[in-house]
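A short write-up of the structure that comes next.
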Amino acid sequence: MKSSVYIALPLFLLLAVVQTAVLPYFPIFGIVAQVPLLVIISWTLLHGLEEGLVWAFVAGLSVDLFSIGPFGATALAYITAVLVIASLNNFLPSGRFFLPVVYAALGTFIYLLVYLSFVRLLGYGTAFGTISNLVTLVLLNAGLMLPIYWLIYGIEHSIRPRRVEV
Amino acid sequence: MNLNKTPQRIRVIVIVVLVGTAVLLSILDSTGNLNSLFSFVRDPMTIVLGWTSGRAETVSGALSGPRDLQSAQEQIALLQNQVDSLERENEELREIQGEYQLLLDLFNRVRQSPEYTRQTASVIGRDTSPSIRSIIIDKGSDDGVRVGMPIESARGLVGRVFRTTPHSAQVALITDNASAVPSRLGNSRATGLLRGGGLGGSLTMDWIDLKYQVEVGEVALTSGLGGEFPQDIVIGRISEVSRSEAELSQQAIVQPAVDFDSLEVVFVITDFQPIDIDIFSDPPSN
């Protein structure tokens, strides 16, 4: 585990505040994108399962701080999404354009499925009736994946350039 | 010991620990055992949330009026400097008028039912979790806000306080799936139970007796039954009625009067006279 884990907590607290207090003022097609989820999917694709899991856990708890849903439910859903994506990423060839978009759509779908099922299991009322909203969220997250993925990729490469062996 | 398998074992342990912790926290929170910890962590975040929300609202307001800006730019090209400054002055006056209208609506609402004690609160955050509808307000237990208190806006019922910290509170909206509000219709006087979670943020009124002829357009109000909400707060209007003689009751879809996406200021009803339901608990005297 690298030092990047230590930046996860302040980063995701900041992202949770942005998700709760800023993004609701800028909905796209009436839906607010799940930016923390896209960040952890990007990080998992760039750094693998271990760091992705810890980031998913921290991101989920940060988001749950401002939700009336059960504390930890988002973390569980994020962890599951990261597990599936990291497993698929091991088998599929790596790609920087098409595959991140597919992973974002898949990750959002898994997150929604696990989150809605888990909160229902804990007795919180959930309706699977708003399917159109959920489909829009999957598509929106997929559409926003590339900018976020490339932003993280660019920041990382400018901070930590790859070592070249001669 | 097989060293090749060690990283895999560590990986499995990490997964089990993280998943286990998440599940444990969820169960503890669902049973109300994390409330004091939440107050400790959430309260400092409320200050950041309030500040950020205020800035975001300003930026959002500026960006949501590109047509005004565009038309203003066209006018700038056509008109002289004097007209330009008048235009700006006009914008400021419109902003003030908007604020005045908001305050007037709130004042009128208070005047309609002066018997309730209210606390004004600003909305500083919104839950973006799928299928959970809640907002965060900037008043908490230090301001007298308690769990279960009803929340209303100038246009109608908003929800109930779900959880408090000393300086903020989370409010479950009436559109949330878990919400249930005893309600009554304005014209037919039929009663029912209003639930959230409908398509497009609509509400569903269940258990309406078949003997009532429910009309589209009727106003739905709180009935006050159960004592959790005051009587006669507007909830919305009937947009659809499904009546089947095979069923024991009929159902109606209610469009809420409140636009939950643009809520800025709400009232916490801190004290009201609930309907007297003692007659149900006291044994008959003869």
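The values are calculated or read from the model by the stated rules, or taken from the named source; none is laboratory data. Predicted model, so just to flag it, every value in this text is computed and none were measured. So basically every Cβ, Gly included, is an ideal-geometry build from the backbone, and we count neighbours across all protein chains shown. Side chains included, ligands, DNA and RNA excluded: accessible areas come from the protein's heavy atoms. Shrake-Rupley method; radii C 1.70, N 1.55, O 1.52, S 1.80 Å.
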Binned at 5 Å from zero, the C-alpha pair distances of chain B give percents of 1, 5, 9, 12, 13, 13, 12, 9, 8, 6, 5, 3, 2, 1, 1, 0, 0, 0
Compute, for chain B, the length of the dipole vector about the Cα centre, with Cβ point charges of +1 (Lys, Arg) and -1 (Asp, Glu) only. Units Debye, rounded to 20. 1260 debye
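Expected output is a single nm value to one decimal: the length gained when fully extending between residue B:115 and residue B:213, i.e. 0.36 nm times separation in residues minus the C-alpha distance. What is it?
Details: separation 98, 0.36 × 98 = 35.28 nm, distance 3.24 nm.
Length gained between residue B:115 and residue B:213: 32.0 nm.
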Connecting every pair of Cα atoms under 10 Å apart in chain A and solving the GNM, the largest mean-square fluctuation among A:152, A:28, A:68 falls on A:68
Compute log10 of I(q)/I(0) for segment A:23-89 with the Debye formula, placing one identical point scatterer on every Cα and leaving out solvent, at q = 0.14, 0.20, 0.21, 0.28 Å⁻¹, to two decimals. -0.42, -0.77, -0.82, -1.12
Amide H to amide H, which residues 5 or more places from residue B:124 or on other chains are under 5 Å from it, using H placed in the peptide plane? B:136, B:137, B:138
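Give the shape of segment B:92-203 as rounded, prolate or oblate, defined through the alpha-carbon gyration tensor: a ≥ b ≥ c are the square roots of its eigenvalues, a/c under 1.5 means rounded, and otherwise the shape is prolate if a/b is larger than b/c and oblate if not.
Working: a/c = 1.45, a/b = 1.15, b/c = 1.26.
Rounded, because the longest to shortest axis ratio a/c is under 1.5.
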Where the centroid of each part is defined by its Cα atoms, how far is segment B:162-208 from segment B:221-242 in Å? 8 Å
From the Cα centre of segment B:79-123 to that of segment A:59-110, the distance in Å is 43 Å
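At a 1.4 Å probe radius, which order do B:232, B:43 fall into by accessible area, largest first? List each step's numbers first, then the result.
On the way: B:232 75, B:43 25 Å².
Reading off the accessible areas and sorting them downward yields B:232, B:43.
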Quick note, segment B:8-59: a/c under 1.5 would make it rounded; otherwise a/b > b/c is prolate and the rest oblate (a ≥ b ≥ c, C-alpha gyration tensor); here it is oblate
Suppose we take every Cα in segment B:118-273 and form the convex hull; what volume per residue is that in Å³? 102 Å³
In nm, to one decimal, how far is the residue B:243 label point from the residue B:105 one, both placed 7 Å along Cα→Cβ? 3.3 nm
Over the protein assembly as shown, the quotient of the Cα radius of gyration and 2.2 N^0.38 Å is 1.12
Quick one: among B:23, B:147, B:266, which has the greatest mean-square fluctuation in a GNM of chain B with alpha-carbon springs under 10 angstrom? B:23
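Rounded, prolate or oblate: which fits segment A:1-156 when a ≥ b ≥ c are the square roots of the eigenvalues of the alpha-carbon gyration tensor, with rounded for a/c under 1.5 and prolate only if a/b beats b/c? Present the calculation step by step, with values, prior to reporting the outcome.
Details: a/c = 1.38, a/b = 1.27, b/c = 1.08.
Because its axes are fairly even, with a/c under 1.5, segment A:1-156 counts as rounded.
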Shielding by partners - mean other protein chain Cβ count within 10 Å, residues of A:39-52: 1
